[in-house]
1. Report whether or not Gly115 is in a loop (DSSP other than H, G, I, E, B) and without any contact (Cβ under 8 Å) to a residue 60 or more places away in the chain.
2. Looking only at the stretch 24-46, which residues are more than 17 Å from Leu122 (Cα to Cα) and either in a strand (DSSP E or B) or of a type in the set (S, T, N, Q) (or both)?
3. Those residues that are in a helix (DSSP H, G or I) and of a type outside the set (D, E, K, R), I need them from the stretch 85-110; list them, please.
4. Residue pairs, Cβ under 9 Å, 6 or more apart or interchain, first in the stretch 3-21 and in contact (Cβ under 8 Å) with a residue 12 or more places away in the chain and part of a strand (DSSP E or B), second surrounded by fewer than 12 Cβ atoms within 10 Å (Cβ to Cβ) and of a type in the set (Asp, Glu). List them.
5. Name the residues in the stretch 51-74 that are among the β-branched types (Val, Ile, Thr), buried (at least 18 other Cβ atoms within 10 Å of the Cβ) and in contact with a strand residue (DSSP E or B) (Cβ under 7 Å, 6 or more places away or on another chain), would you?
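The numbers here are math on the coordinates, done by the rules we state, and not lab data. This one's a predicted model, so the numbers in the text were calculated from it and none came from an experiment. Cβ placement follows ideal geometry from the backbone for every residue including glycine, while neighbour counts extend to all protein chains displayed.
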Amino acid sequence: MKTYVATPATRERNWLVVDASGQTLGRLATQIADALRGKRKPEYTPHCDVGDFVIVVNADKVEVTGKKREEKLYYRHSGYPGGLRSRSLGQMLERRPEEVLRRAVKGMLPRTRLGRAQLRKLKVYAGPVHPHAAQKPEPMELAD
């Protein structure tokens, strides 16, 4: 019996839609990262991108526990001396709620070309509408 290895020619990619309203940020991000990598499928192959496309709607209604809204900080640097800037999670959720979820999922993917390709399959929207109706996305069941 030979071991099955998925190839780009034999993979099957589905479109999944997730409603983030009322979901905890980190717990949701782990399940999305697993779907992007293909770990929910029996034909999962670590070195091949066999994961699904994931559409996240209502990203602005994601929940966090504790005092993370005020204490969790996001950093960026301009590249110049003294160019370090920071924003709290609350400020990020007001300005760019899609970026909060995208960064959470990005931290759970591999830091390789494959991880960057998997992150491109993530589509995050702050509101309840998305432009991917033509792909006929199916709702993704979330583990509680």
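1. Numbers: in a loop (DSSP other than H, G, I, E, B): no; without any contact (Cβ under 8 Å) to a residue 60 or more places away in the chain: yes.
For Gly115, the condition - in a loop (DSSP other than H, G, I, E, B) and without any contact (Cβ under 8 Å) to a residue 60 or more places away in the chain - is not met.
2. If we filter the stretch 24-46 for residues that are more than 17 Å from Leu122 (Cα to Cα), which is where we start, we get 24, 41-46.
Those that are more than 17 Å from Leu122 (Cα to Cα) and either in a strand (DSSP E or B) or of a type in the set (S, T, N, Q) (or both): Thr24, Thr45.
3. Within the stretch 85-110, the subset in a helix (DSSP H, G or I) is 89-95, 97-106.
Correct list: Leu89, Gly90, Gln91, Met92, Leu93, Pro97, Val100, Leu101, Ala104, Val105.
4. Pairs found: Trp15/Glu138; Leu16/Glu138; Val17/Glu138.
5. Residues of the stretch 51-74 among the β-branched types (Val, Ile, Thr): 54-57, 62, 64-65.
With the extra rule that they be buried (at least 18 other Cβ atoms within 10 Å of the Cβ), the set shrinks to 54-57, 62.
If the condition is that a residue be among the β-branched types (Val, Ile, Thr), buried (at least 18 other Cβ atoms within 10 Å of the Cβ) and in contact with a strand residue (DSSP E or B) (Cβ under 7 Å, 6 or more places away or on another chain), then Val54, Ile55, Val56, Val57 are the ones that fit.
Table: residues versus (1) within 11 Å of the chain's Cα centre (by Cα); (2) loosely packed, with under 14 Cβ neighbours inside 10 Å; (3) free of Cβ contacts under 8 Å to residues at least 12 places away in the same chain.
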| position | (1), (2), (3) |
| --- | --- |
| Asp49 | no, no, no |
| Arg76 | no, yes, yes |
| Tyr80 | no, yes, yes |
| Leu89 | no, no, no |
| Leu93 | no, no, no |
| Leu119 | yes, no, no |
| Gly127 | no, yes, no |
| Pro137 | no, no, no |
